[in-house]
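Colleague: Below is the structure I would like to discuss, written out as structure tokens.
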Amino acid sequence: MSFAVAIDGPAAAGKGTVSRAVAAHFGFAHLDTGLLYRAVGFAVLQGTNAVEAAQNLTAEVLENPDLRTPHVADAASKVALIPEVRAALVDFQRAFARRAGGAVLDGRDIGTVICPDAEAKLFVTASAEVRAERRFRELQERGIETSLDEVLADVRARDARDMERAEAPLRPADDAVQIDTSDMTIEQAVATAIAAIEARRGG
Ligand code: DC
């Protein structure tokens, strides 16, 4: 039996953390769909054509730790504007969503475009300042040199690009449960998400 959980929201809102915790709680598989766009962005930075990269993605490239840098995130949000890139990634995501045993997908357009029939939809947000602060701390811990101002500017630029694009823009599905994590701990955000999904499972 399949059960799809769609978790959308802007960069650094806590989607990844919430998604992994929810997947572990319910025993569902998890797909971070941002990694697909990051892998394409990474390939483009190395001189590959974006559409070709999207059509030839393999599971191994998603494991590359270099995908998790701000430079690649920026490239990802640019290739995500290209309709042919998005189209090339649809089938893989839809098949993942309908795998037996349940699936959690997190991204920008999961509840609206990839999986409009998802059994549960969450939209996880936080203020740009809080998100920049969290991302800044995370980058510092990983030894990546940057400043809070720079991270805030990046977050705002990526928000604008993700929300204002013509194709599959970032927006909550009409039936998504919105969770603002600005003033929540990780534990509170995860508990809120689990409760919302339990409600959709019928108790
Ligand atoms: O979630 P993330 O920060 O890893 O995503 C990187 C970029 O990929 C994001 O800025 C926009 C794009 N993206 C998208 O367009 N649709 C998705 N479902 C996931 C990510």
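Please treat every number below as a calculation from the coordinates, not as lab data. If you're wondering where the values come from, they're calculated on a predicted model, not measured in any experiment. Note that we place each Cβ from the backbone using ideal geometry, even for glycine, and neighbour counts take in every protein chain shown.
Colleague: Taking the criterion of being over 16 Å from the mean Cα position of the chain (by Cα) and surrounded by 20 or more Cβ atoms within 10 Å (Cβ to Cβ), would at least one residue in the range 61-84 satisfy it?
Modeller: So far as the range 61-84 goes, no, none of its residues is over 16 Å from the mean Cα position of the chain (by Cα) and surrounded by 20 or more Cβ atoms within 10 Å (Cβ to Cβ).
Colleague: Failed condition for ALA12, given (1) assigned to a helix (DSSP H, G or I); (2) hydrophobic (A, V, I, L, M, F, W, C); (3) within 16 Å of the ligand (Cβ to nearest atom), with all others met?
Modeller: Condition (1) is where ALA12 drops out.
Colleague: Does GLY102 qualify as being in contact (Cβ under 8 Å) with a residue 60 or more places away in the chain, under 18 Å from the mean Cα position of the chain (by Cα) and away from the ligand (no atom under 12 Å from the Cβ)?
Modeller: So GLY102 passes the test.
Colleague: Another question about this same structure. Can you find a residue in the range 29-38 that is in contact (Cβ under 8 Å) with a residue 40 or more places away in the chain and away from the ligand (no atom under 11 Å from the Cβ)?
Modeller: Yes, the range 29-38 contains at least one residue that is in contact (Cβ under 8 Å) with a residue 40 or more places away in the chain and away from the ligand (no atom under 11 Å from the Cβ).
Colleague: Still on this model: Considering only the range 113-157, state which residues are surrounded by 22 or more Cβ atoms within 10 Å (Cβ to Cβ) and within 30 Å of PHE3 (Cβ to Cβ).
Modeller: Correct list: ILE114, CYS115, ALA118, ALA120, LYS121, LEU122, PHE123, VAL124, ALA126, ARG131.
Colleague: Regarding ALA189, is this residue surrounded by 13 or more Cβ atoms within 10 Å (Cβ to Cβ), assigned to a loop (DSSP other than H, G, I, E, B) and under 17 Å from the mean Cα position of the chain (by Cα)?
Modeller: Considered against the rule, which asks whether it is surrounded by 13 or more Cβ atoms within 10 Å (Cβ to Cβ), assigned to a loop (DSSP other than H, G, I, E, B) and under 17 Å from the mean Cα position of the chain (by Cα), ALA189 comes out as no.
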